[in-house]
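The values are calculated or read from the model by the stated rules, or taken from the named source; none is laboratory data. Predicted model only: the values in this text are computed from it and were never measured. Reconstructed Cβ throughout: ideal geometry from the backbone, glycine too, with neighbour counts over all protein chains shown.
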Ligand code: G1P
């Protein structure tokens, strides 16, 4: 029987240079879509998928991120006294149980593979674990990680979330070499990180992974890959070399690349439109803006 996946690693050590100057004083994971920071979307998705232990790989300057998950007694008391029950509820939903979060530090930016490797002592060698990249925000029902955990329960091995991207975008992603396409699930024969030419397919890896613990062993080699960084993609590809299974799941849902400004803006619009209390006013505004732009052309 495949053991339940209960741990997730959140690599949050990146500097967020693409969002300077905002990220000069706040971690990019604290940037908000509507009213919730990116990290909250990631945590909520993981919780919905049954994750109980949350491992953050952080770095210098990420203090605000660690504080975010503390209980805010002062604020809670204030809301309680002033009868703001709805807000109080909302705030409490963000509270994490003591001991559910662990922070490990990545001392040097050496790539995604290295960041995940930093969590190796917190993962047992008989348990699969999840990795969630907070830059990739996925709107899906059921949430993307839940779809993956359910699919993984059937397949075992390791699994990455995947989606088709236009050929010219393949150089920005980990790309799958497909052995067998079974529809929603594909069996993977190889993986290439950010191929400069001849991508093996147009199936890109999106920032959700369920990994066999042996991937951490592969990372022990600390082998440099694309861009001189230690790549998670390479450590997963090593699984295939070792004769272990790797699958891709074409998840159902919409993924937003919140690591880019354009993607962040698109996500802001999409999540804004999802909110009932904002929708009517926002739709009207968007119509007006577009009509004005058209008239000006
Ligand atoms: C990382 C991974 C890449 C994956 C991407 C998804 O790249 O290395 O394989 O396709 O996330 O967002 P990054 O975007 O951090 O450079």
**Request:** Enumerate the strands (runs of 3 or more DSSP E) found wholly within the range 189-297, keeping only those where 3 or more residues are within 25 Å of residue 18 (Cβ to Cβ).
**Result:** 203-211, 254-257
**Fill in**
Of 175, 185, the only residue that is more than 16 Å from the ligand (Cβ to nearest atom) and modelled with pLDDT of 95 or more is 185
**Message:** Tell me yes or no: at least one residue of the range 15-33 is within 14 Å of the ligand (Cβ to nearest atom), part of a strand (DSSP E or B) and in contact (Cβ under 8 Å) with a residue 40 or more places away in the chain.
**Reply:** no
**Prompt:** In this structure, does residue 113 turn out to be in contact (Cβ under 8 Å) with a residue 60 or more places away in the chain and more than 14 Å from the ligand (Cβ to nearest atom)?
**Reply:** no
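Consider residue 99 carefully, then state whether it is under 16 Å from residue 122 (Cβ atoms) and more than 20 Å from the chain's Cα centre (by Cα). Outline the logic, then answer.
Working: under 16 Å from residue 122 (Cβ atoms): yes; more than 20 Å from the chain's Cα centre (by Cα): yes.
In short, yes.
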**Request:** Find the residue count for the range 194-232, including only residues that are surrounded by 22 or more Cβ atoms within 10 Å (Cβ to Cβ), over 20 Å from residue 250 (Cβ atoms) and near the ligand (Cβ under 10 Å from one of its atoms).
**Result:** 1
**Prompt:** Which residues, taken from the range 147-168, are within 16 Å of the ligand (Cβ to nearest atom), part of a helix (DSSP H, G or I) and either closer than 17 Å to residue 231 by Cβ or over 19 Å from the mean Cα position of the chain (by Cα) (or both)?
**Reply:** 167, 168
**Residues of the range 246-297 satisfying the condition of being loosely packed, with under 12 Cβ neighbours inside 10 Å, under 21 Å from residue 29 (Cβ atoms) and free of Cβ contacts under 8 Å to residues at least 24 places away in the same chain** = 262
**Matching residues in the range 78-110 - criterion: being within 16 Å of the ligand (Cβ to nearest atom) and loosely packed, with under 15 Cβ neighbours inside 10 Å** = 109
